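Colleague: Before we start, here is the structure in question, set down as structure tokens.
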Amino acid sequence: MDKIASFCINHDYLMPGLYVSRQDGDVITYDLRMVKPNQGTYLDDDGMHSLEHLFATFMRNSQYRDAVVYVGPMGCRTGFYLLVRDLLSPCEVLRLVQDACAKSAAFEGELPGAATSAECGNVQCHDLNKAKAYALAYGEILANWNEAKMEYPPEVRDSYEV
């Protein structure tokens, strides 16, 4: 069986940041890596779940809404995947993620899509304060990010063959 692309990057060298992971047709997958893999610090389920609600709401209500295909957490709990149509430049994706981080970190009120069990499949598993802290920390990582940093470094990318 072929190894899938996301298992072919060397997680031992992967640092938090925003990376182009792959392109499939007109859909580009971005790796929103929030914590360093395999270091014992992971996103808690409840905070990650709440941040998913915030990210999805803000990104799908942004000026780039028509290009956003999906945003959701990684099973390893080290970040999120963002899938967008290739209508957006990497700089626009960076702005989209930075804006979603800023809005999430500052969010006050009832968490979107989490008021009732009719809206959310795990309505008891939320922590808005953790989500806000994750968004703030990730926004700080991305504050000086740019398009040149969005490619995986050679030690991450070239360690394995797809």
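The values are calculated or read from the model by the stated rules, or taken from the named source; none is laboratory data. Just so you know, these numbers come straight off a predicted model, no measurement behind them. All Cβ positions, even for glycine, are placed from backbone atoms using ideal geometry, and neighbour counts span all protein chains on display.
Colleague: Residue check: is residue 111 at pLDDT 95 or above, crowded, with 18+ Cβ neighbours inside 10 Å and touching a strand residue (DSSP E or B) at 6+ places or on another chain (Cβ under 6 Å)?
Modeller: On the way: at pLDDT 95 or above: yes; crowded, with 18+ Cβ neighbours inside 10 Å: yes; touching a strand residue (DSSP E or B) at 6+ places or on another chain (Cβ under 6 Å): no.
So residue 111 does not fit the description; no.
Colleague: Do we have any residue at all in the range 39-60 that's assigned to a strand (DSSP E or B), crowded, with 18+ Cβ neighbours inside 10 Å and either out of contact with any Cys (no Cβ under 9 Å at 6 or more places or on another chain) or touching a residue at least 60 places away in the same chain (Cβ under 8 Å) (or both)?
Modeller: no
Colleague: Can you say whether residue 93 is assigned to a helix (DSSP H, G or I), among the hydrophobic types (A, V, I, L, M, F, W, C) and touching a residue at least 60 places away in the same chain (Cβ under 8 Å), as far as the supplied structure shows?
Modeller: Yes; evaluated as a whole, the condition is true for this residue.
Colleague: On to the next question. For the range 129-150, check the following and say yes or no: at least one residue is among the hydrophobic types (A, V, I, L, M, F, W, C), within 25 Å of residue 36 (Cα to Cα) and loosely packed, with under 11 Cβ neighbours inside 10 Å.
Modeller: Yes, the range 129-150 contains a residue that is among the hydrophobic types (A, V, I, L, M, F, W, C), within 25 Å of residue 36 (Cα to Cα) and loosely packed, with under 11 Cβ neighbours inside 10 Å.
Colleague: Can you name every residue in the range 18-49 that is at pLDDT 95 or above, over 22 Å from residue 4 (Cα atoms) and hydroxyl-bearing (Ser, Thr, Tyr)?
Modeller: The answer is 42, and nothing else.
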